[in-house]
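**Student:** For reference, the structure I am asking about is given below.
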Amino acid sequence: MNALQRDLKRLVPLMESLETPRVAADPHRQQFHIQPPVGWLNDPNGLCKIGDTYHVFYQYSPFNPDGGVKMWAHVTSTDLLYWEQQPVILYPDEPFDCHGAYSGSALYEDGQLWLFYTGNIKLPEGDHINTGRENNLCLATSRDGITIDTKTCLLHNRDYPDGLSCHVRDPKVWAQDGRYYLVMGARTADGQGEVLVFESSDKLHWHHCNTLTTPQPTGYMWECPDLFELDGQWYLMTSPQGMECQNQYGCGYFPLYGDFRGEYTLGEFHLLDHGFDYYAPQSFTDGVRRLQFGWMGMPDASYTNPTARQGWQHCLTVPRELTRAADDSLLQTPAAELKALRGEAVSLAANQTQTVGPCFELAAVPLGSFCLTVAEGLVLSYDEASRTVSLRFTDAALGSGREERHLTLEEPCRALQVLADASSLEIFLNGGAAVLSTRYYPAPGPVPVRLNGTDATLWPLALS
Ligand code: FRU
């Protein structure tokens, strides 16, 4: 262990114990979402299940709630509801990752965790796009899932294909047909987003075997790619920076037809989420189903989160199960385990106000237009004639700078499900054909909920 790692290993718990009282006193602390003990969280990383235990890692900056040097935090769970904090597993403590142990993914094989991640280096000179930055492909192994045994740099920028900027990162790895593959997001030297596919027979030596992109540029950089087969259909997921959309950056998927190693075409790009706060998701299979966590945040957003003043910022979404719809689009639904949070169901008659929560679930089967008002300041409205949905903050204090998002549904809205935690809403329409996620900041205490246009069922949610 080098001195940098030794000192960071002492400083992180020290910072956590100093800041925890202030953070824990925040009424906007979430109840059932993964959130940082203190400081800043972004992308989910290294998702996997080993035996009965789910492992979630995430980008963590404990020293600054507005983001700072990134390391990998670690939480575990056997039920996807209670998350136990483990020690930070990856520190930025080597010459090849010392300005950030950036995003990546995990493979569990031969009794070891193989963590592939990006070692970020930002040099003093350069524009940090085409010069002055290194994005290294790194590997860390761990036998106990708690401490790292080995750390190596597998590829440097000079090993990547020609024609790229310095931005090449976020390896997502998997095993298939007796070989290993990984995808990394990239920005070309002339500013086009793409995904590089690498192949290996031993997890240590990787060679570039294909590049996936759209004929016309979709943004200038594709972050956090994920590539998987679901029910016979391949999907390429990524978070493109620089594409036209309502949020600062996009986040979605293309159905991929053909062979990701050879001839392929990408279908239409679908946004994964139409709310304010959703980025950099990662998926994994737990042996039975494909689950996905996203970061319930947005880089470089104009709006803010008041929790930063309390010493912490951001959380992940709930785990969502992905399934393939008949038209090859993806459906996202909260993992079934979350139903265990429900208390006794209460009927919510149309146009009546019920006070509940602050954590609650709402389900309705609308037959026409409806309007849901939460905390007298956040309004979800659906217009049957145009099939348009809008999510709008009518009380600016609740949105902390967020204003309005809208979308048009493919089909009339016949199912509404809302999961509310202390400072977030995740809204699933038509069985997860469209999703809207947002952070919000209601006054402390129970929350008034009103649904015009249809009856609904409400459940208080709590960890027992
Ligand atoms: C996406 C991202 C990744 C990077 C990580 C750094 O939010 O920018 O591309 O690896 O965050 O924290």
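**Student:** With all protein chains present, how much of the accessible area of segment 173-214 (probe radius 1.4 Å) comes from carbon and sulfur, to the nearest whole percent? Present the calculation step by step, with values, prior to reporting the outcome.
**Tutor:** Numbers: 680 of 1510 Å².
Ligands and nucleic acids excluded, carbon and sulfur reach 45 percent.
**Student:** Hey, got the Cα dimensions of segment 392-435 along the principal axes, in Å, largest first?
**Tutor:** Cα spread of segment 392-435 along its principal axes, largest to smallest: 33, 22, 11 Å.
**Student:** With +1 on each Lys and Arg Cβ and -1 on each Asp and Glu Cβ, how big is the dipole of the chain about its Cα centre, in debye rounded to the nearest 20?
**Tutor:** My answer is approximately 840 debye.
**Student:** Which ³J(HN,Hα) values, rounded to whole Hz and listed in residue order, are derived for segment 266-275 from phi using the Karplus coefficients 6.51, -1.76 and 1.60 in 6.51 cos²θ - 1.76 cosθ + 1.60 with θ = phi - 60°, glycine and proline given as x?
**Tutor:** Result, ordered by residue: 9, x, 5, 7, 10, 5, 7, 8, 10, x Hz.
**Student:** Work out, in µm²/s and without decimals, the Stokes-Einstein translational diffusion coefficient of segment 341-406 at 25 °C, 0.890 mPa s, Rh from Kirkwood over C-alpha pairs.
**Tutor:** In µm²/s, the coefficient is 182.
**Student:** Calculated from DSSP H runs of 4 or more alone, at -39500 (n - 2.57) each and per residue, what is the 222 nm mean residue ellipticity of the chain, nearest 500?
**Tutor:** Value at 222 nm, helices only, nearest 500: -2000 deg cm²/dmol.
**Student:** Turning to a different aspect of this structure: Name the long-range amide H neighbours of LEU348: under 5 Å, sequence gap of 5 or more, or other chain; modelled H, no Pro or chain starts.
**Tutor:** ALA456, THR457, LEU458
**Student:** Could you give the length gained on full extension between ARG143 and ASN351, defined as 0.36 nm per residue of separation minus the Cα-Cα distance, in nm?
**Tutor:** 69.3 nm
**Student:** Using only the Cα atoms of the chain, what are the Rg and Dmax in Å?
**Tutor:** 21.6, 65
**Student:** Highest mean first, what order results for 285-297, 196-208 on Cβ atoms within 10 Å?
**Tutor:** 285-297, 196-208
**Student:** Another one. Against the longest principal axis of the chain, how steep is helix 3-24, in degrees 0 to 90 to the nearest 10, with axes from Cα atoms?
**Tutor:** The two axes meet at around 10 degrees.
**Student:** From the phi of every residue in segment 407-419, what ³J(HN,Hα) in whole Hz does the Karplus formula 6.51 cos²θ - 1.76 cosθ + 1.60 yield, where θ is phi - 60° and glycine or proline is x?
**Tutor:** Working through the residues one at a time gives 7, 10, 7, 5, 10, x, 7, 10, 8, 10, 9, 10, 10 Hz.
**Student:** Right, another one. Can you give me the accessible area per residue for the chain, using a 1.4 Å probe, in Å²?
**Tutor:** Counting only protein heavy atoms, the per-residue value for the chain is 38 Å².
**Student:** State, to one decimal in nm, how far the label point of CYS245 lies from the label point of GLU268, with both points 7 Å from Cα in the Cβ direction.
**Tutor:** With each label placed 7 Å out from Cα toward Cβ, I get 1.5 nm.
**Student:** Just reorder ARG169, ARG22 by solvent-accessible area, largest first, 1.4 Å probe, all chains present.
**Tutor:** Descending accessible area places them as ARG22, ARG169.
**Student:** Putting +1 on Lys and Arg Cβ atoms and -1 on Asp and Glu Cβ atoms, find which of ALA308, TYR278, LEU407 reaches farthest to the positive end of the dipole of the chain.
**Tutor:** After comparing all options, I get ALA308.
**Student:** Sticking with this structure for a sec: Could you name the lysines in cross-link range of LYS49, using Cα to Cα under 24 Å and dropping any fewer than eight places away on the same chain?
**Tutor:** In chain and number order, the partners are LYS70, LYS151, LYS172, LYS203, LYS339.
**Student:** Tell me, how many Å apart are the Cα centres for segment 288-345 and for segment 61-89?
**Tutor:** 16 Å
**Student:** Round to a whole number: what % of the accessible area of segment 303-426 belongs to carbon and sulfur, probe 1.4 Å?
**Tutor:** Carbon with sulfur: 48 percent of the solvent-accessible area.
**Student:** Quick check on packing: order 337-350, 388-401 by the mean number of other C-beta atoms within 10 Å, highest mean leading.
**Tutor:** Highest to lowest by the protection proxy: 388-401, 337-350.
The values are calculated or read from the model by the stated rules, or taken from the named source; none is laboratory data. For clarity, every value in this text was computed on a predicted model and none was experimentally measured. Please note: Cβ atoms are built from the backbone with ideal geometry, for glycine as well, and neighbour counts cover all protein chains shown. The area values use the complete protein model at the heavy-atom level, side chains included, leaving out ligands, DNA and RNA. Shrake-Rupley method; radii C 1.70, N 1.55, O 1.52, S 1.80 Å.
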